[in-house]
Amino acid sequence: MTSIEEAKTIINTHTNPLEKIRLDSSNALGYVLAQDILSTLNLPSFNQSAMDGYALNFSESEETEFNLVGEIKTGDSHTHSLQSGECFRIFTGAMIPEKTSAVVMQEKVTVGGNKIKIESLPQLNQNIRPISEQIEKGKQALQKGTLLNAAAIGYLSALGVSEVEVYKKPSISIIVTGNELTKPTEKLEAGKIYESNSQMLSAALQTCGYESKQTVWVKDDQNSTIDALELASKEPDVVLISGGISVGDHDYVESALNKIGVETLFYKVNQKPGKPLYFRKNEKSLFFALPGNPSAALICYYNYVLLALKKMSGNLNNTLEKRELISQTTYTKKGSRPQFLKARTEGNTIHILEGQSSAMLHTFALSNALVFLDEEVKQVQKGEKLITYILP
């Protein structure tokens with residue numbers, strides 16, 4: 001049986017970033033940069049007012065009364081220059097005139113005709129955004145490997161970058177196996193259950209910035225399973241298989257994968273839940289055969305599938321965020337295998353939740369973290385520090 005760390009190492013070894021593509025910056029949210037971005041301009045490119053107020057020149061005077069000589073709106077292009085004792089009405093983001101000592105906010109100004117009076121002189125250069133305050137022309141704005149979030153998209157736009165080179169995201173298919181499964185839109189007959197794993201996995205993918213291309217339902221039949229897996233292996237980069245991977249008389253996924261020539265990289269991980277995890281590959285695709293129990297399947301997704309998806313997308317920071325948090329509950333571990341427990345964080349504390357069965361989602365729905373207990377841990381005491389993985 002493969003250890004948790006060995007399984008992650010094998011996945012990393014057999015996973016590589018996909019090809020690079022070019023996208024409009026406005027469509028690149030959630031992608032990873034495949035290039036360094038160098039700034040082609042100073043940002044800002046001129047001295048800007050940081051707020052609505054008055055640009056002052058008090059370089060030769062300690063007076064608090066100034067002559068109002070004009071107004072500069074945001075977007076105005078000008079060559080104005082201030083003399084000592086003069087001021088301009090100015091607005092946030094507007095180009096300040098030459099020889100401006102500082103900008104005073106409008107709330108601290110009393111206006112009378114063509115003069116203003118202020119309570120006290122501001123500090124030199126106060127409320128002025130200087131040229132290249134954010135970045136100088138020619139400097140690195142964003143590094144290759146950066147995950148593009150909303151702020152990064154805005155930053156690229158502010159730099160005038162309209163197109164970027166990014167790593168392609170993997171295409172993903174989900175295969176669901178099981179004669180007992182019924183779609184939630186259909187009448188539930190005796191002996192059947194509503195299928196949940198495909199929608200759960202699809203939602204987990206969306207949460208992390210991915211999406212499944214298709215979901216295929218397969219009956220517990222050797223030929224049907226072979227046909228579905230053979231078709232699925234022709235195009236997607238990643239195939240997620242739900243169920244049918246155990247050793248029962250009607251579990252056909254392993255034999256079907258063998259039949260179509262998919263290489264086994266590991267089978268079974270020393271953990272609870274999620275032991276019956278298969279990782280395989282062929283020339284085109286990676287195959288993750290996940291446990292049929294929903295909670296176990298989702299834990300395997302977060303710990304192993306997401307690791308591969310992120311690396312394929314060029315994101316080298318591909319592991320879950322790890323923290324040490326203080327337990328607010330006592331817990332007795334059953335069995336000797338390392339365990340992942342559904343939990344919820346509150347500040348620097350962690351609560352281990354009820355309903356830890358691999359079939360149960362009701363407390364997973366309230367979880368935002370997984371507590372990890374290694375083999376040596378037998379019992380958790382309140383106040384103890386616990387290794388905690390934060391869920392996306």
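The HN-Hα couplings worked out from phi for segment 101-109 by the Karplus form 6.51 cos²θ - 1.76 cosθ + 1.60 (θ = phi - 60°) are 7, 5, 10, 9, 5, 5, 5, 9, 10 Hz, whole numbers, x standing for Gly and Pro. Matching the structure-derived Rg/Rh (Cα atoms, Kirkwood Rh) against the labelled list (1) 1.06; (2) 1.18; (3) 1.13 gives the label (2).
Once C-alpha pairs closer than 8 Å and six or more residues apart are averaged by separation and normalised to the residue number of the chain, the relative contact order reads 16 percent.
With 0.36 nm allotted per residue and the present C-alpha distance subtracted, the LYS234-ASP36 stretch has 67.9 nm of extension available. How many percent of DSSP beta bridges within the chain run antiparallel, rounded to 5? That works out to approximately 70 percent antiparallel. Compared with the direct C-alpha span, the chain from ILE193 to SER357 gains 57.3 nm at full extension, assuming 0.36 nm per residue.
Spacing of the modelled spin labels on LEU23 and GLU6, each 7 Å from Cα toward Cβ, amounts to 3.7 nm.
The HN-Hα couplings worked out from phi for segment 15-21 by the Karplus form 6.51 cos²θ - 1.76 cosθ + 1.60 (θ = phi - 60°) are 10, 10, x, 6, 5, 8, 9 Hz, whole numbers, x standing for Gly and Pro. Highest mobility in the GNM of the chain, judged by mean-square fluctuation with C-alpha springs under 10 Å and restricted to LEU366, LEU286, LEU38, is found for LEU366. Going 7 Å from the Cα of PHE91 toward and past its Cβ, which residues in segment 145-176 have a backbone nitrogen under 16 Å from where you end up? Zone members listed by number: none at all. Show which lysines lie in cross-link reach of LYS99 when reach means a straight Cα distance below 23 angstrom and same-chain residues fewer than eight apart are skipped. Reachable lysines: LYS73, LYS108, LYS115, LYS117. Counting only protein chain heavy atoms and rolling a 1.4 Å probe, the accessible areas of HIS14, HIS362 rank, largest first, as HIS362, HIS14.
Straight Cα distances below 23 angstrom link LYS183 to the lysines LYS192, LYS213, LYS219, with same-chain residues fewer than 8 positions distant left out. ILE131 sits with roughly 80 Å² accessible to a 1.4 Å probe, with DNA, RNA and ligands left out of the calculation. Cα to Cα, under 27 Å, and not fewer than 8 places away if on the same chain: which lysines meet these conditions relative to LYS334? Within the straight-line limit of under 27 Å, LYS334 reaches these lysines: LYS8, LYS268, LYS272, LYS275, LYS322, LYS342, LYS378, LYS382, LYS385.
Between THR207 and ASN149, residue separation times 0.36 nm minus the direct Cα-Cα distance comes to 19.5 nm. Taking only DSSP H segments of four or more residues, each worth -39500 (n - 2.57), what value at 222 nm results for the chain once the sum is divided by all its residues, to the nearest 500 deg cm²/dmol? One gets -4500 deg cm²/dmol as the mean residue ellipticity at 222 nm.
Entry for segment 1-98 at q = 0.13, 0.15 Å⁻¹: log10 I(q)/I(0) = -0.67, -0.77, Debye formula applied to identical alpha-carbon scatterers, no solvent contribution.
Which GluC sites (Glu not before Pro) in segment 71-150 sit in a loop by DSSP (not H, G, I, E or B) and have at most 14 other Cβ atoms within 10 Å of their own Cβ?
GLU119, GLU133, GLU136
The values are calculated or read from the model by the stated rules, or taken from the named source; none is laboratory data. Here the structure is a predicted model, which means the values were calculated and not measured. Backbone-built Cβ (ideal geometry, glycine too); neighbour counts: all protein chains shown. Protein only, heavy atoms only, side chains kept; ligands, DNA and RNA dropped before computing areas. Shrake-Rupley method; radii C 1.70, N 1.55, O 1.52, S 1.80 Å.
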